[in-house]
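Below is one structure; the comments refer to it alone.
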Amino acid sequence: MIFRPSDFHFPDDPARLYPDTPGRRWVLEIGFGDGRFWPHHARTFPEAPNYLGVELSGVSLLKAHRRLKAAGLSNAVLTKMPAEVLVREVLPDQTLDAVIVNFPDPWPKAGHEEHRLLRAPFFEVMARRLKPGGAVQLTTDHDEYFEFACAQAAASGVMRVELTGPPPAALETKYALKWRDLGLGAHHARFVPLHSGALPAAPPRTFAPYPEENAAVPHAVLTLPASFAPQDFQKVTARSPQPRGEGWTVVLLDLYATLRRDGWTALAHVVEGELTQEVLVGITARGDGTHLVRLARFGGPIITPGVKAAVGSVTEWLEAQGAVVVHRGY
Ligand SMILES: C[S@@+](CC[C@H](N)C(=O)[O-])C[C@H]1O[C@@H](n2cnc3c(N)ncnc32)[C@H](O)[C@@H]1O
């Protein structure tokens, strides 16, 4: 099954994701490519574990979906989003049995290490998400990235590195075959969390699905000046005070008049770390003469601090045009 990012809860519950196969082992694969690993590997278990696959490429998502369906693997959830967002915001603590990373993009150029997935912050989150006995399993042809990942795991202070042979299925992926044809071998490591027993409390999640109750959708109520009729809109950029990577950037790109009702729609681009969302914010007339500024459900937005800030940016832009805010709900 393909899940849009907004189909998840933050954090989610494996029993909700796999209602027909509760209690089975849970495996996450990051960057599954065309999906060859899982049909091979799932066969090595008496009953196929629940599978969660995350990819950045939409083409790969569709190819892998077809492959898993053909293999009859129905307890599989595939999604397209940055793995960093999925592991940080969606996965609950101590629920994963294994995390598979086969032939990750190596980012070989000097100065590009910050783009690599297997860095100390990733291991710190994974140490929380794995069950006791679970492990992150890396297979790669890339000598330098392999050493880098092992050093980062050790530097994280939360993982032990075990060097073993790769599972046979990891040598059947598209990239494994590509490197094998070139005569290259593959390295494999298991990164095993050191923790045993209770972990210190995790910081609260700040992401949420689009709420069912109207009142909980980020919004504001305001009175527009009688003369309000925007003919011209200049792009607006707002940034959170937090340092890069932790905060958000909101760019209000455009404003459109709606034809059906007395109102407008703002198009906003929201960037928060690895997550980028395009969202619509409606400005709609209400019966009492005020206007409602409200995040639209269209496009399945995830409610994040940046998305709330987008509603705030639209509201502040309207204030700069003379609107008087009656209520802020963002
Ligand atoms: C070199 S390919 C390997 C694909 C597959 N594992 C294989 O062995 O054939 C790396 C894959 O990781 C995906 N990827 C890269 N960064 C990612 C991220 N941050 N989150 C999820 N997927 C990512 C890419 O889209 C690409 O499909």
Original post:
Only one of (1) over 27 Å from the mean Cα position of the chain (by Cα); (2) part of a helix (DSSP H, G or I); (3) surrounded by 20 or more Cβ atoms within 10 Å (Cβ to Cβ) is not met by Ile283, so which one is it?
Top reply: (2)
Original post:
If you take the residues in region 78-96 that are crowded, with 17+ Cβ neighbours inside 10 Å and over 14 Å from the mean Cα position of the chain (by Cα), which one is farthest from the ligand (Cβ to nearest atom)?
Top reply: Thr95
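Kindly establish whether Lys69 is away from the ligand (no atom under 12 Å from the Cβ), surrounded by fewer than 20 Cβ atoms within 10 Å (Cβ to Cβ), in contact (Cβ under 8 Å) with a residue 12 or more places away in the chain and among the basic types (Lys, Arg). Before the answer, list the steps.
Details: away from the ligand (no atom under 12 Å from the Cβ): yes; surrounded by fewer than 20 Cβ atoms within 10 Å (Cβ to Cβ): yes; in contact (Cβ under 8 Å) with a residue 12 or more places away in the chain: no; among the basic types (Lys, Arg): yes.
Against the criterion (away from the ligand (no atom under 12 Å from the Cβ), surrounded by fewer than 20 Cβ atoms within 10 Å (Cβ to Cβ), in contact (Cβ under 8 Å) with a residue 12 or more places away in the chain and among the basic types (Lys, Arg)), Lys69 does not qualify.
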**OP:** Count, please, the residues in region 31-66 that happen to be acidic (Asp, Glu) and near the ligand (Cβ under 8 Å from one of its atoms).
**Re:** 2
Original post:
Within region 169-182, is there a residue that is away from the ligand (no atom under 16 Å from the Cβ), of a type outside the set (Ser, Thr, Tyr) and surrounded by fewer than 17 Cβ atoms within 10 Å (Cβ to Cβ)?
Top reply: no
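Determine if region 58-71 includes at least one residue that is assigned to a loop (DSSP other than H, G, I, E, B) and at positive phi. Lay out the reasoning, then the answer.
So the first thing to find is which residues in region 58-71 are assigned to a loop (DSSP other than H, G, I, E, B), and the list is 71.
Pick out the ones that are also at positive phi and you get none.
For region 58-71, residues assigned to a loop (DSSP other than H, G, I, E, B) and at positive phi: absent.
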Original post:
Quick one: in region 10-55, which of the residues that are part of a loop (DSSP other than H, G, I, E, B) and of a type in the set (Asp, Glu) is surrounded by the most Cβ atoms within 10 Å (Cβ to Cβ)?
Top reply: Asp12
Subject >> Within region 1-30, tally of residues that are more than 16 Å from the ligand (Cβ to nearest atom), among the β-branched types (Val, Ile, Thr) and in contact with a Phe, Trp or Tyr (Cβ under 6 Å, 6 or more places away or on another chain) >> reply: 0
**OP:** Just need a number here: residues in region 103-127 that are within 14 Å of the ligand (Cβ to nearest atom) and within 19 Å of the chain's Cα centre (by Cα).
**Re:** 12
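Coordinate-derived values only; no laboratory data. The structure presented is a predicted model; accordingly, all values stated were derived computationally and were not measured. Don't worry about glycine lacking a Cβ; one is built from the backbone with ideal geometry, like all the others, and counts go over all protein chains shown.
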